[in-house]
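**Q** Below are the C-alpha cells for one structure; questions will follow.
The values are calculated or read from the model by the stated rules, or taken from the named source; none is laboratory data. Please read these numbers as outputs of a predicted model, since none were measured by experiment. FYI the Cβ positions are ideal-geometry reconstructions off the backbone, even for glycines, and counts take in every protein chain you see. Ligands, DNA and RNA are stripped out before the accessible areas are found, and what is left, the full protein with its side chains, is counted by its heavy atoms. Shrake-Rupley method; radii C 1.70, N 1.55, O 1.52, S 1.80 Å.
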Amino acid sequence: MSVIELKNINKYFGKDTAQVHVLRDLNFTAEKGKLILILGPSGSGKSTFLTIAGGLQSADSGQVMINDKDISAFSAKERDNLRLNQIGFILQAYNLVPYLTVAEQFTLVDKIKKVNNLSKEALNQLLIK
Ligand SMILES: Nc1ncnc2c1ncn2[C@@H]1O[C@H](COP(=O)(O)OP(=O)(O)O)[C@@H](O)[C@H]1O
Ligand SMILES: [Mg+2]
C-alpha cells in the first residue's frame, strides 16, 4: 500500500526571467514500512519536495496523495490538521517551543490533539532514560 504518492508535481519559484522550475513532473511513491533516502546536491529541490510531500507547502500543479487522500487542494488549516494527525515532519531546526521543558512540549500536544498520543507512563519512562 502506498502511503505517500506524488503525481506529476511541478513547483516554481520567482517570476519572469528570475523564475526557477525546481520540481519538474516529479513522480514519487512511498510504500508503508519503507525507509527512503532522498539524495541530491544542495539546491536540487530536496527540501521543496519534502515540504510538499509533508503538506508544509503546495505544488503549482500535480497531485499529492496521503493515505490515498488527495491533499493537493487542502487549505493551510487542513494541512496543519493533516500534519497533526497523519504525517510527521522533523525539520533540520526542530522548532520546539524554546521556553517549555521537554515534558511541557508533550503536554502542549495533548491539549491540541486528544488521541493516540504518548501516555504519561511511557513519557515518564523515556524521561528517566
Ligand atoms: N521559498 C523560496 N523562494 C525562492 N526560491 C526558493 C525557495 N525555496 C527554495 N528555492 C529555490 O529552489 C531551489 C531548490 O531549493 P531546495 O528545495 O531548498 O533545495 P535542497 O533542499 O536540495 O538544497 C533552489 O534554487 C532554491 O534557491
Ligand atoms: Mg534542503
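Residue by residue, here is whether (1) within 16 Å of ligand 1 (Cβ to nearest atom); (2) among the aromatic types (Phe, Trp, Tyr) holds:
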residue	(1), (2)
12	yes, yes
16	yes, no
20	yes, no
23	yes, no
26	yes, no
31	no, no
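**Q** Would you list the helices (runs of 4 or more DSSP H) that sit entirely within region 12-129 and hold 1 or more residues that are touching a helix residue (DSSP H, G or I) at 6+ places or on another chain (Cβ under 9 Å) and at pLDDT below 95?
**A** In region 12-129, 76-85, 102-112, 120-128 are the helices (runs of 4 or more DSSP H) which contain 1 or more residues that are touching a helix residue (DSSP H, G or I) at 6+ places or on another chain (Cβ under 9 Å) and at pLDDT below 95.
**Q** Could you say whether any residue in region 75-98 is acidic (Asp, Glu) and in contact with an Asp or Glu (Cβ under 9 Å, 6 or more places away or on another chain)?
**A** No, the conditions are met nowhere in region 75-98.
**Q** Can you tell me how many residues within region 11-45 are within 16 Å of ligand 2 (Cβ to nearest atom), closer than 30 Å to residue 68 by Cα and out of contact with any strand residue (DSSP E or B) (no Cβ under 8 Å at 6 or more places or on another chain)?
**A** Of the residues in that region, 6 qualify.
Condition check ((1) closer than 28 Å to residue 7 by Cα; (2) open to solvent by 70 Å² or more (accessible area, probe 1.4 Å); (3) in contact with a Pro (Cβ under 8 Å, 6 or more places away or on another chain)) across all residues:
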position: 28; (1), (2), (3): yes, no, no
position: 56; (1), (2), (3): yes, no, no
position: 70; (1), (2), (3): yes, no, no
position: 94; (1), (2), (3): no, yes, no
position: 99; (1), (2), (3): no, yes, no
position: 109; (1), (2), (3): no, no, no
